[in-house]
Structures are given as C-alpha cells and as structure tokens.
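Asker: Quick one: this structure, given as structure tokens, is what I'll be asking you about.
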Amino acid sequence: MGIEIPIIVVTSFWLIVGGVIPWFIPKGPNKGIIQTMLVMTAVSCYLFWICTFLAQLNPLIGPEIDNTTLTIMQNQW
Amino acid sequence: MGSLFRSEEVTLSQLFLQSEAAYACVSELGELGLVQFRDLNPDVNVFQRKFVNEVRRCDEMERKLRFLEKEIRKDGIPMLDTGDNPDAPAPREMIDLEATFEKLDNEMKEVNANAEALKRNYLELTELKHILRKTQSFFEEVSDRSGRREESIGLLGEESMYGVGGSQRLGFVAGVIHRERIPAFERMLWRACRGNVFLKQAEIDTPLEDPVTGDQVMKSVFIIFFQGDQLKSRAKKICEGFRATLYPCPETAPERREMAIGVMTRIEDLNTVLGQTQDHRHRVLVAAAKNIKVWFIKVCKIKAIYHTLNMFNLDVTQKCLIGECWCPVKDLDKIQMALRRGTERSGSSVPSILNRMATKQAPPTYHRTNKFTDAFQSIVDAYGVASYREVNPAPFTIISFPFMFSCMFGDMGHGLLVSLFALWMVVKEKQLMANKTDNEIWNIFFGGRYVILLMGLFSIYSGFMYNDIFSKSFNIFGSAWLVPTSRYNKTNIHKTPDFVLDPAHGDYSGNPYPAGLDPAWQLATNKITFLNSYKMKISVTFGVGQMFFGVCLSVFNHRYFRKPLNIFCEFIPEIIFMTCIFVYLIVLIFYKWIAYDAATPCAPSLLIHFINMFLFSYVKEPCSSAVFYSGQVRFQTFLLLLALACVPWMLLVKPFLLRQEHLGKIKLGGDTEPLSVRSGDIMGDGGESSHQELFDFGDIFVHQAIHTIEYCLGCVSHTASYLRLWALSLAHAELSEVLWSMVFRIGTTMDGFSGCVVIFLVFMPWAVLTVGILLLMEGLSAFLHTIRLHWVEFQSKFYHGEGYLFEPFSFEKIIDTKVDE
C-alpha cells in the first residue's frame, strides 16, 4: 500500500461522516445535536488517525526486537 | 442552533386566577410541569399563609396513610402499584378522602387495641397454665418430702415434733419472670430474706409473645416458699421490683386441677376470638392495600397544590389570586391551554389570565434535555449551572468527553466490554427503569448509560489507533517493518540476542501501517520510547485543539450579549496569544513528523527548541538544538513579542475604554442608559437595583487583571495538564500488559493437555482482574481525569456557570422524590 491510498480513503471517509452526512439529517428538535456530534466525531477521529499516521511516516528509530521474535516475524509476516 | 446550545428563553409572567378556579388551574399546571412559581410572600411565615389549614389537613391524611402503610407492611400484604396517575381530586373530594382515612384509621386503632387486650389476656392465661403445670411437680416433691418427714418424726419422737411444728404453715407465692432476670432475682431474695426463703424455678420451654412489642420472650416459672407475713411482703416486693407477674395458686391439688381445666377452656375461647380479630384486621388491610398508592398520590398532589397557592397573593377584592412564575416562551401556548382546561373544569365563567412581564432579574436556566443528552448536561451542571442563555458546553461534551476518555482508555477489548455493558443497559432500559432500586452505585451507572456507551465505542476506536487489544496487536494490513533475509540470515541472527531494525537501511518499507500503530511496536523492547514520544505529541495536539475551540466558543457569548469590546479586547488577544505559542508548537510537531526521517542528519529536539524560544537563546551545539530553518530566530522572536504584547492589550485596553465611555456619558449630562447592559462581565444579577450600578474603575480593573493572569498562566499550565492523556494511557497499557504476561501467559506457554487446563484455571483470575482493575478502577480514574479536563481546561475558556436551575412545579417530580425517600 502506498501512502496516498490510506490518506485518500481515510480522509474521504471522515469527510463524508463530518462534511456530507450532516447535511442530510432530517428536521427535528435534535437535528443540531446530531450534526454537532457527527462533525466533532469526524474531526477528533480524523485528527487521531492523521497524528498516528504521520508519526510513523518517517520513523527516526526502529523497533528493537529479540532474535526469536525476529525469526518468527520473518517466517510468518 | 438547536435547543441545547443555549438555555431556553424564559420569561416572567403574572397569573390572575379566579379564586374558585385557582385550584383546578394550578392542578393542570402541575400535570404539565413547565412553570416555576415564585414565592410572593417570602416574609410571611408558614403558619400565617392562606391555605395553611388545608396543608395541615393533608399532613394529617399523610400521617394516617403512613400508619396504614406501616400496618400493611407488618402483615406482609403486597401493595398494588398499578402505575396509574390519578388527577388531583377536587377540593370537595378531600372531605371524602379524609372521612375514608379517618374511618380506616379508627378501625385499625380499635382492632389493634382489641387485639392487644386479647393478647395480654391470652398471655396471662398461658402463664397461669404453665404455673399450674410446673408447680404441680413442686408440690408433689414437697408432699413427698413431708411424707418422709412424718416417718422421721415417728422415729425421733415428741421433741422433734415440736421442732418442726413451727414450720407447719408454709406460705408461698407463684409467678412468672423473664429468664435472664432469674440469677439476680435469686441472689436478691437470698440476701433480703437472709436465706429464709426457698425458691424453686422451672423454665417454660416455648417462648411467649409480648403483647405490646410482639417480640418472643423466654420466661420461667418460679415459686417461693416462706414462713410468716413479714417474709411474704418482702418476697412480694422483690417480685414487683423484678417485674415478675404473680398469679394466685390454690393450695390443694383438686382445686389446682379444677383451675387448670377452667384456664384451658378460657384459652380455647380466647383463641377463636383472637383468630376472628386477626381475620378482620387482615380484610381491612387487604382492602386498603389496593388503594393506598393511589391515595398517596392524591394527597401528595393536593398538598403540592395548596403549597403553591400559598405562594400567591390575594388581590384587594379577595376574588382573585395573583401569582408570578417563570415559564419558557416556547411553551406559553401549552400553559394557556392548561389554564383554559383548569377554568373549564372548575366551571368558572371568568377566564384565567397569563401576562408576560418585563424584569431585570436573570431568569433561570432551562435546558430541554432528552434521555440521551441528560447525562451530559448533568456533567456540566455538576460544575456550575450555565448563566442565562450563555453557550452551553454540553452538546460539545457529548463527543469530546468520550473522546478524551478513550485516549486514556485505548484498548479494543476493554472498550468492547464497556460498550457491551452499556448496550445491555440501553436495550433493557425500560425493564431496568421499571424495577427501581436504592442501590446508588447502580443508579449512577444506569443514569450514565449513554455516556458509558459512547465511552466504550470511542475506546474501541482509540484501541484500534493504539493497535491494542488486551495488550496484544492485530496485524491486519501487514507491518511496515521488514526483516530482509539479506541482513538477517540464519547465520547471523543467532549470534546477537536482539536487533534494532534500522529504517535507514531498508528495514522499513516506506509505507507506514495505514491505520493505527504498527504491530511491530507491540513486540519491541523499546516500545515505550516510541510510544511516549507519540502519545505526548498527540496529547498536546488534542489539548491545544480543545482549548482553541473553547476560546472560539467565547465569541458566541460576546456576540450574543452584545459586548463587541470583549471581542476586541479579550477574544482576539487570547487567540493571538495561544496561536503564537501553542499552535506554533503543534506546527513544529507536524513539521518534524513530515520533514525528518532516519536518513536526515539531525532531527531537532522540539522540547529544547521550545524552551530556548522563551529564553531567546540560540545555540549551535548539539545539532538537535541548532536552528533548523532559515529565519527561525527572527520568526520566533516575533511570535514571542507578539504574544507578550497581547498581555497588556488584554489587561489595559478594556478598562480604560470603559472609563472613557463612562466619562463621556457624564459629560453628555448623564443620560441614563444603564452601563451594565453593555459592559459588565457578570450577567445582571441582583434584581431591580442592578440597573443603577455605579461605575467602579478599580473593580473593573482588578477583574480584568485576574482574567488576564488566569488566561496567560492557564494556557501554559492547561497545556501541560493535557499530558495526563499520555500518562494515563501509558499506565493503562502497561497494567494491561503486566496482567497478561504475569497471569494469562502462564497458560499459553504450556504445551498439550496441561496447557488447556492451566489456561482454563488462569482465565478466571485474569478476567476478574481485567474487569476489577482495568475496567472499573482505571475506567473510573480516566473518567475523573476527563471530567477535570472538561471542567477546568475546556470550560474555563468561555463558561461562567453562574446561573440557577429552572425547577418547574411538576407533580411527576414531586411524587418521584417522595417515592425515593
């Protein structure tokens, strides 16, 4: 998987949740609340994801793994 | 904007009710539950109010009902709770109710008195029966002994006949005494009569019922033999002192037998009468138990109505009651309809009038919540009730609260358990609501079921981001870390115990794990180093984001209350201050993530740079502290000076502008536009007097100084405070890992059949500790930290919370609280 695919997929997913769905909430006393919830969910979850993604994008250090685990990783992953 | 974003518009209204229609109208309003009455006679004490008599009658009725309820409980009769809600009865029905209760009450009392008398009688007879039975054996012993004595007399001859002759007339008393008093009683008799009396006692095997208390008591029969009147009176006094009951006991055996037969027949008669009395009592109580809940509700409503009417004023003609109330503007129509219904019901021809009034007083805060938003609103209210119509943090809390919680509780497994528990409560809502309990802990969990549900769901998401399920990881998308055979082949891999995978030399694929943390980190021994750096950075990012959002919300307050000055002299410098320092830090964090990798020679240490920025010190060594983009020195100095300039801006501009405005007004001739409407930070409390508020420069200045200091220091300390997200999440992950490796791993490391058994055995302690420590204790601690983050760090940016709650007059609430008691 390249870098672009996850970025595009996740960004568009949360964009739909936070930017598109709120426009289609049926009228009612709780419309505003539902919209706020959707937008805030999208913003916070997207922020969480992008931080996690970017933090691993260009690693400065690598994981230190003992040789048994390393052998298993080599064979299984 | 929806209804929850600001509290509802509430207006003060005046009510004119015809005195004959007042009762019905207030009753309708109570059913509606949308009106908060104000006490118009606060100086009049409770005993001087108009309807004090009716209230007292209701109290009396309640007392009788409580007595009845107690009797019903005593007999263990189930009380029928149909759950129906009768209307408040008309005032004339109150007399009927009173009569019914009076009759029941009297009947109960009479039955009880009769039953008690009968029981006492029964007790006495039973005791007498026992005395006759037990003393029989004493007398037999005595007569045996006297028979032997006669023999000895024959042998000893005349002299000894005289010696015993004095004791010929032995007197005795018989009675019944509590068993535990026997030793003291015996000792007392011995001492007082100098050993000249003879006490015989025997225990009654069956416990007897005390007629007054209904307790079972153990008693003993005793008989005292003595000689002479003096001893007799002494013995009787002692018996009296020990509350022993004495019974007449005939001296000769046939007489005793006769008496015993008489007693037996009387006991039998009494038993039948007693049975009939109990039956009657039971019938009465069963009939009462069917209605008692309804009666309670009725009386409660009547009492509530008269209490409310006591808050009303009488007008001069005595034909009209005048009340004042707060009511939501949106519901005025409903209230009008209720009043019309009330008037019609009472048959009055003159309509009741509801009149809106203008007031300087701050109205109560009313948020129309539903079962979902209610728990979130109460989290906010627990800190302070919003000032009238200020921005309500609750709708934003709905998401930000579970989100912040989940950052500290990130684990898919734990999140799943929590959300399943909450989901169960939500699905079974109606049944669980129906069987009310007094268990406070359960009620708290149940009341917050929607909060818990969201917390669980968000924890699953953040567990997914941390790639953590019971301290293990999924490898769904394929790890980005490679173990190329060229570098790690069979010959060299066994030579070194562990390896650090090197991103600069082809161990990293270049495409990061697409969602969440790479599973390789879960296996790494240096995982903490990486996680700390990552979690600290996201904590600060989320924290600054939330605070920034809070500051932005304050604009809505300033605009709504028409305080443009606050936007220019508070909001703008606040935003600039935060941007220059903390948003800059976030930008640096993102920059470092994107621009530096393992191949770039020297990545900057952000913390050192951030500290150096404040010290204006720029060094060349080591390379991680050296300037890393051109113009950094100038740009950072500029940001810092701009931030510093915001401090006097916040502190000085507003007070002086206000002063100038005030002086200008005085020059114009003091045209009395009230100052407080435009300037005061505190919403006009203090009633009618507030609009003549004096301009106090010192006061305003001190207030502004406090605000400025609080904000500037707050920004720094609050940002640091958000690091608790990192700390708690670290603690949670570590605990969960320790639990796994210390408990559950024992099972997984064994082979074969014994491994299965051990897994079976260790699962229980592992599950118990997971639920007890990780879910309950850790969850509670994360919950408390989240509350703090919202109350202090988030709400301090815009929320005043100086209002008071709208508490409408509602039968439903009154009856609910009554039931809880």
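The values are calculated or read from the model by the stated rules, or taken from the named source; none is laboratory data. In this text the structure is predicted, and so the values were computed from the model without any measurement. Here Cβ is always computed from backbone atoms with ideal geometry, including for glycine, and neighbour counts include all displayed protein chains. The area values use the complete protein model at the heavy-atom level, side chains included, leaving out ligands, DNA and RNA. Shrake-Rupley method; radii C 1.70, N 1.55, O 1.52, S 1.80 Å.
Asker: Taking Cα centroids, how far is segment B:436-486 from segment B:506-578 in Å?
Answerer: 21 Å
Asker: Also: At 1.4 Å probe size, with no ligands or nucleic acids counted, give the accessible surface of B:VAL743 in Å², nearest ten.
Answerer: That residue has around 30 Å² of solvent-accessible surface.
Asker: When the chain is fully extended, how far beyond the present Cα-Cα distance does B:TRP442 get from B:GLN660, taking 0.36 nm per residue of separation?
Answerer: 72.6 nm
Asker: Quick one: P(r) of segment B:462-514 from all Cα-Cα pairs, 5 Å bins, percents rounded to integers, in order of increasing distance.
Answerer: Reading the bins upward from 0: 4, 16, 21, 18, 18, 14, 7, 1, 0.
Asker: Along the principal axes of its C-alpha atoms, what lengths does chain B span, in descending order and rounded to whole Å?
Answerer: 142, 100, 48
Asker: B:ARG66 accessible area, nearest 10 Å², 1.4 Å probe?
Answerer: 130 Å²
Asker: Let me ask another. A 28 angstrom limit on the alpha carbon distance is what I want to check against. Which of B:LYS109/B:LYS298; B:LYS70/B:LYS237; B:LYS430/B:LYS818; B:LYS70/B:LYS371; B:LYS74/B:LYS298; B:LYS537/B:LYS620 exceed it?
Answerer: Pairs exceeding the cut-off: B:LYS70/B:LYS237; B:LYS70/B:LYS371.
Asker: Test of understanding: extend the Cα→C-beta vector of B:LYS472 to 7 Å, then name every residue of segment B:741-773 with backbone N under 13 Å from that spot.
Answerer: Those under the cut-off are B:741, B:744-749.
Asker: On the full set of protein chains, 1.4 Å probe, figure out the accessible area of B:GLU778 and give it in Å² to the nearest 10.
Answerer: My reading of the accessible area for B:GLU778 is about 30 Å².
Asker: I would also like to ask the following. Cα atoms only: what Rg and Dmax, in Å, come out for the protein assembly as shown?
Answerer: Final numbers for Rg and Dmax: 42.8, 143 Å.
Asker: Taking the Cα centre of each part, how many Å lie between segment B:622-672 and segment B:1-52?
Answerer: Between the Cα centre of segment B:622-672 and that of segment B:1-52, the gap is 49 Å.
Asker: Put +1 on the Cβ of every Lys and Arg and -1 on every Asp and Glu Cβ in chain B; which of B:ASN313, B:SER486, B:ALA90 then has its Cα farthest towards the positive end of the dipole?
Answerer: The one lying farthest along the dipole's positive direction is B:SER486.
Asker: Can you sort B:ILE399, B:ILE746 by 1.4 Å-probe accessible area, starting with the largest?
Answerer: Descending order: B:ILE746, B:ILE399.
Asker: Something else now. Report the charge-dipole magnitude of chain B in Debye, nearest 20, computed about the Cα centre from +1 at each Lys and Arg Cβ and -1 at each Asp and Glu Cβ.
Answerer: With Lys and Arg at +1 and Asp and Glu at -1, about 640 debye.
Asker: Where the centre of each part is set by its Cα atoms, how far does segment B:72-108 sit from segment B:379-407, in angstrom?
Answerer: Result: 45 Å between the Cα centres.
Asker: Could you tell me the ratio Rg/Rh of segment B:400-492? Both radii from Cα atoms, Rh via Kirkwood.
Answerer: 1.29
Asker: So, one more: Using 0.36 nm per residue of separation minus the Cα-Cα distance, give me the extension gain between B:GLN431 and B:ASP597 in nm, one decimal.
Answerer: That works out to 54.0 nm of additional length.
Asker: Placing unit charges on C-beta atoms (Lys and Arg positive, Asp and Glu negative, everything else neutral), compute the dipole magnitude of the protein assembly as shown about its Cα centre in debye, rounded to 20.
Answerer: It comes to approximately 320 debye.
Asker: Is it possible to state the helix-based mean residue ellipticity at 222 nm for the protein assembly as shown, with each DSSP H run of 4+ residues giving -39500 (n - 2.57), the sum divided by total residues, to the nearest 500 deg cm²/dmol? What is it?
Answerer: Working: 30 runs with 523 residues, N = 898.
My calculation for the protein assembly as shown gives -19500 deg cm²/dmol from helical runs alone.
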